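The values are calculated or read from the model by the stated rules, or taken from the named source; none is laboratory data. Being a predicted model, the structure only gives us computed values, none of them experimental. When we count neighbours, we look across all protein chains shown, and the Cβ atoms used for this are built from the backbone with ideal geometry, even at glycine. Heavy atoms of the whole protein, side chains included, go into the accessibility calculation; ligands, DNA and RNA do not. Shrake-Rupley method; radii C 1.70, N 1.55, O 1.52, S 1.80 Å.
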Amino acid sequence: MSLTEQLSAQAAQYRAQLPDEVLEKMARTTADLAVSGIVDRSLKAGDRASNFTLPNAVGKDVQLSELLADGPVVLSFYRGQWCPYCNLELRALQEALPDITAAGANLVAISPQTPDRSLSTVEKNELTFEVLSDVGNRVARQYGLVFTLPEELRPIYASFGIDVPAHNGDETFELPLAATYVIAPNGIIAHAFINADYKQRLEPANIIAVLKALAVAA
């Protein structure tokens with residue numbers, strides 16, 4: 001089953017379980033985010049990727065420029081381990097990791113979670129690629145991806161057992177859009193997938209196709 005099919009199945013499960021009022025609020029706030037212009041303001045293909053240094057799940061600093069010295073980088077921004085769609089994506093990326101590395105690329109995932117929460121994400125999903133902590137969304141902000149979770153959604157998330165401030169270590173309720181970048185070794189973004197709808201993610205097969213195209217062009 002493709003990642004898109006898994007995401008659709010997850011969404012269908014929620015539609016069957018949640019009250020119409022909750023579904024309406026979640027759909028409306030997603031639509032509001034889509035028309036806010038945030039996607040248009042984010043970094044796109046052809047832009048230079050913003051360099052960064054962030055700690056991984058065990059506290060070791062990882063720098064984008066050092067990774068690019070070894071080849072292309074696949075950069076995936078996700079909301080947190082509390083997001084079932086993010087976990088589906090992370091596991092799909094893990095499955096695709098052999099093909100990504102075979103194409104000469106490094107894979108990195110970034111969320112605003114604290115390092116201990118990132119470590120939990122790694123263990124929960126059995127990930128073997130770098131998972132970085134962007135506390136305060138500093139890097140996500142440089143990529144133009146940060147938004148604030150609407151107040152009307154916060155009690156809904158709380159009813160799901162999701163405590164965003166506890167995961168992120170602050171009280172801002174700021175999150176990044178789900179986004180995936182394929183960055184060429186020269187630091188230029190070769191492909192960008194940014195979507196205001198957190199249920200939509202880039203298929204790993206598309207990532208691999210971009211990496212193969214980069215290898216041919218090199």
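Computed values, structure above
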read-out: Region 1-146, relative contact order in percent, only Cα pairs under 8 angstrom and at least six apart counted; value: 27 percent
read-out: Protein accessible area in the chain, 1.4 Å probe - carbon and sulfur %; value: 52 percent
read-out: Table column - 3J(HN,Hα) (Hz), region 154-169, Karplus curve with 6.51, -1.76, 1.60, x for Gly and Pro; value: 5, x, 5, 4, 4, 5, 7, x, 9, 10, 4, x, 5, 6, 9, x
read-out: Degrees separating the helix 20-34 axis from the principal Cα axis of the chain, which is the longest one; value: 40 degrees
read-out: Sequence-distant lysines (8 or more away, or on other chains) whose Cα lies within less than 29 Å of LYS124; value: LYS60, LYS199
read-out: Whole-Hz ³J(HN,Hα) from phi, Karplus 6.51 cos²θ - 1.76 cosθ + 1.60, for region 129-135, glycine and proline x; value: 9, 5, 10, 9, 9, 9, 4
read-out: Lys/Arg +1, Asp/Glu -1 at C-beta; the chain dipole; positive extreme among PRO204, ALA103, LEU90; value: ALA103
read-out: Candidate lysines - alpha carbon under 22 Å from LYS212, same-chain residues fewer than 8 apart omitted; value: LYS44
read-out: Using alpha-carbon coordinates, inclination of helix 84-102 to the longest axis of the chain, degrees; value: 10 degrees
read-out: Rounded to 10°, Cα long-axis angle of helix 204-217 versus longest principal axis of the chain; value: 20 degrees
read-out: For region 1-122: accessible area per residue (Å², 1.4 Å); value: 46 Å²
read-out: Other-chain or far-sequence residues with amide H under 5 Å of VAL62's (modelled H); value: LEU54, ASN56
